[in-house]
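The values are calculated or read from the model by the stated rules, or taken from the named source; none is laboratory data. What you see is a predicted model, and the numbers here were worked out from it, not measured in a lab. SASA here: full protein model, heavy atoms, side chains in, ligands and nucleic acids out. Shrake-Rupley method; radii C 1.70, N 1.55, O 1.52, S 1.80 Å.
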Amino acid sequence: MRRAIFLDRDGTVSLDTGYMTDPSAYQVFEFTGPAVRRINEAGMLAVLITNQSGIERGYFTEATVQAFHDALAMELARWNAHLDGVYFCPHRPETECDCRKPRPGMAERAARDLGIDLAGSFIVGDRYLDVETGYAAGMRTALVRTGHGVEELEAHRDSVYQPHLVADNLLGAVEAILALCGEESSSSETRTIHDET
């Protein structure tokens, strides 16, 4: 089983401008490529999970969403980085599907497809929707201050679902997660050595 860092799309890896229909206007944050490369180099999986209800609402098609994700892949390739999986939910909230965040369906599907240990994984997003998804899937969570992050932190400061980490942006969140994972690995190795002596 492998560990993963799940990434929200709009507001986390790229600019959130609402229901986007023009892939040529898609803007990936400058820190996204380096952040995803760090995930790749660390041996963790980078998995995008995103709500795209504009499909069911009729604002755009699945082909349009794929065009955005192709543009993201091209930008990541400039940094020798890649996503290991991309999952999106096309449904409106009232559809009450299992895949729309904050329900854990997309994360659970990725776990089955890619052999992911959700308990050892993280989710990074700019909304408490992402934080709640992490709790529902049994993952740890990081909230970034890009996108809607700052206002979300203020609006939900009394929520029972608090992020395990808060960072200025995706790169900061990834660095903090990898540092934490490194500390846990060192601690585990120390315990193993002590157990054997």
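Assorted remarks:
- Around the amide H of V166, modelled in the peptide plane, lie the amide H atoms of L143, all under 5 Å away and 5 or more residues distant in sequence or on another chain.
- Length added when fully stretched, E154-T21, from 0.36 nm per residue minus Cα-Cα: 44.9 nm
- On a per residue basis, region 62-197 carries 52 Å² of accessible surface, using protein heavy atoms and a 1.4 Å probe.
- Prolate/oblate/rounded call for region 1-81, Cα gyration tensor, a/c under 1.5 rounded: prolate
- Anisotropy class of region 35-116 from Cα gyration tensor, a/c 1.5 cut: oblate
- For S185 and E96, the difference between the fully extended length at 0.36 nm per residue and the C-alpha to C-alpha distance is 28.2 nm.
- In terms of its C-alpha gyration tensor, region 40-176 comes out rounded, because the ratio a/c of the largest to the smallest axis stays below 1.5.
- Surface composition of region 79-120: carbon and sulfur atoms hold 45% of the protein heavy-atom accessible area at a 1.4 Å probe.
- Applying the Karplus relation 6.51 cos²θ - 1.76 cosθ + 1.60 with θ = phi - 60° to region 17-23 yields 3J(HN,Hα) values of 10, x, 6, 8, 10, 10, x Hz, where x marks Gly and Pro.
- Rounded to the nearest 500, the helix-only mean residue ellipticity at 222 nm of the chain stands at -13000 deg cm²/dmol, with each DSSP H run of n ≥ 4 adding -39,500 (n - 2.57).
- When the solvent-accessible area of region 10-52 is split by element, carbon and sulfur atoms take up 46 percent of it, the probe being 1.4 Å.
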